[in-house]
């Protein structure tokens, strides 16, 4: 089965977002507002709704949870291996390191549904629910050490972390969402993926000349995100004997491009946002080639 038709709609939305901005049909201010809407409202609603309604059974999901956590920790460890190799400025490293282990959840959840239907999207929701706090905590911790920010305060202000924990707690409570609330959250979540992908397209940029000493760490981060992380996912899936569906979702998770939220966080916390934007753009564009390759390996 050709995987390209499944991936094409997401990249068409990214291309449309890029075109809307470049053709001055919509302004940068519009997309800045849309990004805030996705970050603070739409995507938290999607996370909460997915986790609140997912059939979470820790006894049956513990292997997948372990695999996702191990893969995320592998990405964090790989990002720190770049320090002795390139000896970057600490703030540059704190900014760019997150690009090695953060992932584009809009593309991930959309493709999970295309590849595995409701089961695939449920499995991806579990992976996202476990790893969102991990990657956000690691990224905020790295940047806050250089900016004098309070790690706990920054974490508690993160809407993705709050939505994740709220969704998990609601799920464990055994309660059911009222139908009108569930419907509203479902509609917000559907908007999150489409609007999020449009915003990813609008944030793409290649108009940046990297400063001396940043080119090597930038390229290495791209290689880690698109090549080494999928290899780690395959190895972890093999060691833990994941079922086919879980193996495919873990591989998809490992092969995703860098999250556009990495740029937002780096800019907000005084990091090197322009370098992060370049790496995010590069991984997004290259993933149109690498994603079909890795997913063809992991297909049943």
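The values are calculated or read from the model by the stated rules, or taken from the named source; none is laboratory data. Everything numeric in this text was worked out from a predicted model, so none of it was measured. With ideal geometry, Cβ positions are generated from the backbone for all residues, glycine too; neighbour counts draw on all protein chains shown.
Figures for the structure shown
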{"quantity": "Conditions (1) within 24 Å of residue 281 (Cα to Cα); (2) in a helix (DSSP H, G or I); (3) at pLDDT 85 or above; number of the one not met by residue 103", "calculated": "(2)"}
{"quantity": "Qualifying residue in region 134-155 (condition: modelled with pLDDT under 85, surrounded by fewer than 16 Cβ atoms within 10 Å (Cβ to Cβ) and on the phi > 0 side of the Ramachandran plot)", "calculated": "yes"}
{"quantity": "Top-ranked residue in region 14-25 [being over 17 Å from residue 292 (Cα atoms) and touching a residue at least 12 places away in the same chain (Cβ under 8 Å); ranked as surrounded by the most Cβ atoms within 10 Å (Cβ to Cβ)]", "calculated": "17"}
{"quantity": "The one condition in (1) surrounded by 18 or more Cβ atoms within 10 Å (Cβ to Cβ); (2) at pLDDT 85 or above; (3) over 14 Å from the mean Cα position of the chain (by Cα); (4) over 21 Å from residue 81 (Cβ atoms) that residue 282 fails to fulfil", "calculated": "(4)"}
{"quantity": "Number of the exception - residue 7 against (1) at pLDDT below 90; (2) crowded, with 22+ Cβ neighbours inside 10 Å; (3) more than 20 Å from residue 277 (Cα to Cα); (4) within 19 Å of the chain's Cα centre (by Cα)", "calculated": "(2)"}
{"quantity": "Whichever residue in region 27-50 is farther than 27 Å from residue 183 by Cβ and either touching a strand residue (DSSP E or B) at 6+ places or on another chain (Cβ under 7 Å) or touching a residue at least 24 places away in the same chain (Cβ under 8 Å) (or both) and, among such residues, is surrounded by the most Cβ atoms within 10 Å (Cβ to Cβ)", "calculated": "31"}
{"quantity": "Subset of region 177-201 (residues that are in contact with a helix residue (DSSP H, G or I) (Cβ under 8 Å, 6 or more places away or on another chain) and farther than 28 Å from residue 16 by Cα)", "calculated": "177, 182"}
{"quantity": "Residue among 47, 26 that is in contact with a helix residue (DSSP H, G or I) (Cβ under 7 Å, 6 or more places away or on another chain), more than 25 Å from residue 239 (Cβ to Cβ) and at pLDDT 90 or above", "calculated": "26"}
{"quantity": "Qualifying residue in region 84-91 (condition: within 16 Å of residue 245 (Cα to Cα), in contact (Cβ under 8 Å) with a residue 12 or more places away in the chain and assigned to a helix (DSSP H, G or I))", "calculated": "no"}
